[in-house]
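These notes concern the structure reproduced below.
The values are calculated or read from the model by the stated rules, or taken from the named source; none is laboratory data. A quick note: this is a predicted structure, and the numbers were derived from the prediction, not measured. Cβ placement follows ideal geometry from the backbone for every residue including glycine, while neighbour counts extend to all protein chains displayed.
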Amino acid sequence: MKLSKECRYGLDALTFLAREPAGTIVASADLADTLDISPAFLSKILQRLARAGIVRGHRGAVRGYALDRDPRAITVRAVAEVLDGDDLFARCIFWSERCSQTHPCPLHPQWARVRPQIERELEELRLADLASRARRRRR
């Protein structure tokens, strides 16, 4: 299991939004500029997060994105599964298609043991936790 660059950028954007006052709408171009991410790539990520109900897109005079839920209610696992796929934790750490119960990779038994721990950790880790950590680093 490897989290994608898309997931990293999505978490960065969500962490930024979580640090803003509730309901703050941030233009995706401003967010991309602040985070040094390609605006087109970030726009696609935000659209996927909007379809999943994690952010809400706003049109009209004030255009942009805001969190659609309280950051304490958004798990890192949920974000990772939206951006990297529902089967994220079922995939092999080496090969996503060549490893299985019938044809295991060299680390298959170990991965089977640690995977539930990683799932649990990412389920317990909330967007609010990431935002809190980011605030402490900025001081």
- prompt: Could you say whether any residue in region 100-110 is modelled with pLDDT of 95 or more and surrounded by 14 or more Cβ atoms within 10 Å (Cβ to Cβ)?
  reply: no
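Against the definition (assigned to a loop (DSSP other than H, G, I, E, B) and either basic (K, R) or in contact with a His (Cβ under 9 Å, 6 or more places away or on another chain) (or both)), how does C99 come out, yes or no?
It is true that C99 is assigned to a loop (DSSP other than H, G, I, E, B) and either basic (K, R) or in contact with a His (Cβ under 9 Å, 6 or more places away or on another chain) (or both).
Could you look through region 1-21, keep only residues that are hydrophobic (A, V, I, L, M, F, W, C) and surrounded by 21 or more Cβ atoms within 10 Å (Cβ to Cβ), and pick out the one that is nearest to P39 (Cα to Cα)?
Taking region 1-21 and keeping what is hydrophobic (A, V, I, L, M, F, W, C), we get 1, 3, 7, 11, 13-14, 16-18.
Still in the running and surrounded by 21 or more Cβ atoms within 10 Å (Cβ to Cβ): 13-14, 17-18.
On the way: A13: 12, L14: 15, L17: 16, A18: 19 Å.
Within region 1-21, the match that is nearest to P39 (Cα to Cα) is A13.
So, in region 113-138, of the ones that are modelled with pLDDT of 85 or more and among the hydrophobic types (A, V, I, L, M, F, W, C), which residue ends up surrounded by the most Cβ atoms within 10 Å (Cβ to Cβ)?
Narrowing region 113-138 to residues modelled with pLDDT of 85 or more: 113-133.
With the extra rule that they be among the hydrophobic types (A, V, I, L, M, F, W, C), the set shrinks to 114, 118, 122, 125, 127-128, 130-131.
Details: V114: 12, I118: 14, L122: 18, L125: 14, L127: 25, A128: 16, L130: 21, A131: 18.
Result: L127.
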message: Suppose the filter is touching a strand residue (DSSP E or B) at 6+ places or on another chain (Cβ under 7 Å) and surrounded by fewer than 16 Cβ atoms within 10 Å (Cβ to Cβ); does A27 pass it?
response: yes
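Given the structure, is G64 on the phi > 0 side of the Ramachandran plot, among the small types (G, A, S) and surrounded by 16 or more Cβ atoms within 10 Å (Cβ to Cβ)? Talk me through it step by step, then tell me what you get.
Values: on the phi > 0 side of the Ramachandran plot: yes; among the small types (G, A, S): yes; surrounded by 16 or more Cβ atoms within 10 Å (Cβ to Cβ): yes.
The answer is yes for G64.
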- request: Filter region 10-24 down to residues that are in contact with a strand residue (DSSP E or B) (Cβ under 7 Å, 6 or more places away or on another chain) and either closer than 16 Å to A40 by Cα or among the β-branched types (V, I, T) (or both), then give me how many there are.
  value: 1
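Table: residues versus (1) outside any helix (DSSP H, G or I); (2) over 23 Å from the mean Cα position of the chain (by Cα); (3) aromatic (F, W, Y).
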{"site": "R72", "(1), (2), (3)": "no, no, no"}
{"site": "L83", "(1), (2), (3)": "no, no, no"}
{"site": "I93", "(1), (2), (3)": "yes, no, no"}
{"site": "R113", "(1), (2), (3)": "no, yes, no"}
{"site": "I118", "(1), (2), (3)": "no, no, no"}
query: Name the residues in region 40-70 that are under 13 Å from A13 (Cα atoms), assigned to a strand (DSSP E or B) and either in contact with a Ser or Thr (Cβ under 9 Å, 6 or more places away or on another chain) or modelled with pLDDT under 95 (or both), would you?
result: G64, Y65, A66, L67
Conditions (1) in contact (Cβ under 8 Å) with a residue 40 or more places away in the chain; (2) β-branched (V, I, T); (3) more than 16 Å from E20 (Cβ to Cβ); number of the one not met by I54: (3)
